Structure formats: C-alpha cells, structure tokens
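Taken together, the values in this text are just the output of simple stated rules run on the coordinates, not laboratory data. If you're wondering where the values come from, they're calculated on a predicted model, not measured in any experiment. Please note: Cβ atoms are built from the backbone with ideal geometry, for glycine as well, and neighbour counts cover all protein chains shown.
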Amino acid sequence: MGLKKKIYHDIKPMLKKPFLPAVVLITTTIVGTIGYYILWIDEYDATLFDAFYMTFITIATIGYAEIFPLDIFGRIFTVIIALVGISSLFFYVYHCYGKPLYSSNQ
C-alpha cells in the first residue's frame, strides 16, 4: 500500500466523525488568537483576550469592527482566518447535525 493510500486509509474514519472539523476549528482559533496578538502587542498593548475576541467575531461572522486598526497584513490575515474558520465551522456543524440531501440507495 502506497504512503498516500495509507494516509487516506488512516484519516478516512476521522472524516466520518466531527473529530477532524473540530481540530481544524480549534487550531484556527489558536492560530488566529496568536496571530492577532503578535500583530497588536507592540503598538496597541493588546491582551490575549482581545486577540481571541477578534478571532471569535471573525469566525462566527458577527462582523463587529476591529478592536484595533489593521494594516494590509492584518487584513490579509483576517481573510485567511475567516475563510478557514468559517469553512471549518460549517464543516463541523454539518458533521454533527447534517443529513445528506439524497441517498445513493434511491
């Protein structure tokens, strides 16, 4: 069995459970929190809670204004966090509560 098939074979059961989406969502939240903290710590004396809050409102699509101003790198970082975070959030919700729209047995 090739390495690619072995990896797929090992990961396939996790894809059927909400484990993988939860890991991606938690990882995105941690990376987002650390990233915003690094972006803001020197100039605005931000706290980890400020960074976590910004990550949360981005992933949850609440859309409040930024806690502190963002430069171009901060905006690009926000777009990446939003894309990965929102996707993983929907992926998690689908795996927990979603039902297929159709079945191949019909």
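For a protection proxy built on the mean count of beta-carbon atoms within 10 angstrom, sort 63-74, 43-54 highest first, please. The partial results should precede the final answer.
On the way: 63-74: 11.8, 43-54: 15.5.
With the highest mean Cβ count within 10 Å placed first, the list reads 43-54, 63-74.
Take the alpha carbon atoms of the range 41-97, find their radius of gyration, then divide it by 2.2 N^0.38 Å using N residues; give the quotient.
Working it through for the range 41-97, the quotient is 1.25.
Which value in nm describes the separation of the simple spin-label points at I72 and I34, placed 7 Å from the Cα toward the beta carbon?
Taking the simple label geometry, I72 and I34 are separated by 2.6 nm.
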